[in-house]
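Here the structure comes first, spelled out in structure tokens, and everything after it is commentary.
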């Protein structure tokens, strides 16, 4: 379990993290989301003792990370896949890490196989692609078979097979009761991987809820309706206080009423329906609505 209590970090006049409190429960994959500059990486660095909090504290299984006797055996960390001696082979890099904690050499070969690095294990890490570097970083995080995983953008640069493997791996780790904190900017992937979501914006916690609860709170359900008599149907629905919008002829986006009720109304009025599709909001929809006012680095809309 990871527990942050009133955690703050300032760099000069810049407040990177401000009074953040949350708990990452074991047995779940917890997604850690937020725009660039939101404070995610700083928070993760404080969890593993790389940055010292200005105020507050964060503990892993009730202890400060810096006081853990064998950190690799308790917390697996991927913060920067490039943090590796470029002249060493993948195998030698992992062997050097294992030697610092008395981890058996056979474990190095195990994580190399687990992460798909067998064919490049003897190659220098400096020549690795982004995706292979990520796999090596994940292998290092798994080296001590830890009970807690802190992974910052682990699927960055991975091919579809690698992304699927990471998803299955972290889900399996959570099913074994491990604590998993996972950051990503891929909302579609987070939606099918995470059980719980923590969202930061400008250094503050904006949301701390299950995926389903977050989507329900920050999006609206709607029904996609296609009809050759769309204007007539829209008029009938709006008389009952239902909201409809139209992006193209014969197509309506209807909110505030169930699909079955739309079908019943259309049947009673003799209105033909060619499509009636309920659509719920997505995690991406919820995230964009939630963080819309907290994006520090905004791009220009070219449309």
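Does residue 26 satisfy being under 13 Å from the mean Cα position of the chain (by Cα) and either assigned to a loop (DSSP other than H, G, I, E, B) or over 21 Å from residue 284 (Cβ atoms) (or both)? Judged against the criteria, residue 26 is not a match. The listed residues are 56, 87, and the only one of them that is in contact (Cβ under 8 Å) with a residue 12 or more places away in the chain and closer than 20 Å to residue 24 by Cα turns out to be 56. Looking across region 140-186, the residues that are farther than 21 Å from residue 27 by Cα, outside any loop (DSSP other than H, G, I, E, B) and in contact with a helix residue (DSSP H, G or I) (Cβ under 7 Å, 6 or more places away or on another chain) come down to 140, 162. The numbered conditions (1) within 25 Å of residue 43 (Cα to Cα); (2) surrounded by 15 or more Cβ atoms within 10 Å (Cβ to Cβ); (3) touching a residue at least 40 places away in the same chain (Cβ under 8 Å) are all true for residue 162 except (1). Taking the numbered list (1) surrounded by 15 or more Cβ atoms within 10 Å (Cβ to Cβ); (2) assigned to a helix (DSSP H, G or I); (3) under 28 Å from the mean Cα position of the chain (by Cα) in turn, residue 213 passes all entries but (1). If you go through region 262-292 and keep only what is touching a residue at least 24 places away in the same chain (Cβ under 8 Å), loosely packed, with under 15 Cβ neighbours inside 10 Å and farther than 17 Å from residue 230 by Cβ, you end up with 278, 280, 282, 289. Looking for something surrounded by fewer than 21 Cβ atoms within 10 Å (Cβ to Cβ), modelled with pLDDT under 90 and touching a strand residue (DSSP E or B) at 6+ places or on another chain (Cβ under 9 Å) - is there at least one such residue anywhere in region 74-84? So far as region 74-84 goes, yes, one or more of its residues are surrounded by fewer than 21 Cβ atoms within 10 Å (Cβ to Cβ), modelled with pLDDT under 90 and touching a strand residue (DSSP E or B) at 6+ places or on another chain (Cβ under 9 Å). With respect to residue 277, determine if the residue is in contact with a strand residue (DSSP E or B) (Cβ under 7 Å, 6 or more places away or on another chain), modelled with pLDDT under 95 and outside any helix (DSSP H, G or I). Considered against the rule, which asks whether it is in contact with a strand residue (DSSP E or B) (Cβ under 7 Å, 6 or more places away or on another chain), modelled with pLDDT under 95 and outside any helix (DSSP H, G or I), residue 277 comes out as yes. For region 36-56, give me the residue count where each residue is surrounded by 21 or more Cβ atoms within 10 Å (Cβ to Cβ) and assigned to a loop (DSSP other than H, G, I, E, B). Adding up the residues that qualify gives 2. Please verify whether residue 59 is in contact with a strand residue (DSSP E or B) (Cβ under 6 Å, 6 or more places away or on another chain), modelled with pLDDT of 95 or more and not in a helix (DSSP H, G or I), treating the condition exactly as stated. Considered against the rule, which asks whether it is in contact with a strand residue (DSSP E or B) (Cβ under 6 Å, 6 or more places away or on another chain), modelled with pLDDT of 95 or more and not in a helix (DSSP H, G or I), residue 59 comes out as yes.
The values are calculated or read from the model by the stated rules, or taken from the named source; none is laboratory data. Keep in mind it's a predicted model, so treat the numbers as computed, not measured. Glycine gets a Cβ as well: all are built from the backbone with ideal geometry, and neighbour counts include every protein chain shown.
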